[in-house]
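This report concerns only the one structure given below.
The values are calculated or read from the model by the stated rules, or taken from the named source; none is laboratory data. All values derive from a computational prediction rather than experimental measurement. Here the Cβ is made from the backbone with ideal geometry for all residues, glycine too, and neighbour counts use every protein chain on show. We work out accessible area using only protein heavy atoms, side chains counted, and drop any ligands, DNA or RNA first. Shrake-Rupley method; radii C 1.70, N 1.55, O 1.52, S 1.80 Å.
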Amino acid sequence: MTTTPPPATTPSDGSQPAPNEIPAQPGQGEHVPAPRALGTLATATQALLIVCGALSAVTIATELFGIGAVSGYLAGDGAAIGAIEAYDQTTALVSILASGAFITTGVLWAIWQYRAAKQVVGRTRRSPGWHAGSWFVPIVSLWFPYQNISDLWRAVGLSRPSWQAVWWLLFLGSNFAIQISTRAYLAAETLEQFRVAMWMSLIGEVLLLAAVPLAWMVVRGITRGILDRARPVVGAGGDDVAAPPA
């Protein structure tokens, strides 16, 4: 025998139901339709994160090659000038590809986070617009995105993972090192100064490469949490009932 679920009620904390929530129909459990578009965005974002990681690995290898070439030339190996010229050509191409992948990934991440925040409106301290835009606002981008990601974990009923702080520190450290490297490249006038810039670039890319798998886990974990909340739970009698609230 099918039992009729109770009518939807407003949560005791005064928050409004998520926008995609639909009222229960006779004989059906109340649930939120699975946001398939969010899952597709998450998959694309995760794929681009892998591309960024691969390009970081290529950049690390390129910088190591350049450091070796410059060191050899400074040590008196005149033949190393050919290796330095090869480094210049390679690093130009790799830098263009890496920058393009990083920007594209950043934009797609912002769209994914906006869509994720739309699924849990009223359960986070900031609006979906701020979830996307805080990444691009100077100063506040140092901590707003971290807080917003923490809010999303809680909004889907999960605890913030212990490694999230590590991910954030790696991400900030990589950006800081790469910015210093870029300025050093532009200001360099000697091979020794160029070698310092290469080392800073190498450090930044190592930190970025370490941050990539953790970023991948952030997207995966939050998306799964949202999809699990939207999936109806089958009751003992075979009826669909609402997934438990966070």
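Tabulated results
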| quantity | calculated |
| --- | --- |
| Computed label-point distance, nm, for sites residue 43 and residue 143 using a 7 Å Cα→Cβ extension | 3.8 |
| Inter-label distance, nm, simple model (7 Å from Cα along the C-beta direction), residue 228/residue 192 | 5.7 |
| For the range 165-172, 3J(HN,Hα) per residue [Karplus equation, 6.51 cos²θ - 1.76 cosθ + 1.60, θ = phi - 60°, Hz, x = Gly/Pro] | 5, 5, 4, 5, 5, 5, 5, 5 |
| Percent carbon-and-sulfur accessible area, the range 60-112, ignoring ligands, DNA and RNA, probe 1.4 Å | 71 |
| Equivalent ellipsoid semi-axes, the range 102-181, via Cα gyration tensor eigenvalues times 5, rooted, Å | 22, 15, 11 |
| Rh by Kirkwood over Cα pairs, then Stokes-Einstein D for the range 37-78 at 0.890 mPa s and 25 °C, µm²/s | 195 |
| Accessible surface of the range 119-185, 1.4 Å probe, proportion on carbon and sulfur as whole % | 67 |
| Sum of side-chain charges, residue 83 neighbourhood, beta-carbon under 14 Å (Lys, Arg +1; Asp, Glu -1) | -3 |
| Two-decimal log10 I(q)/I(0) for the range 51-143, as the Debye equation yields it once each C-alpha is a single scatterer, q = 0.11, 0.17 Å⁻¹ | -0.53, -0.80 |
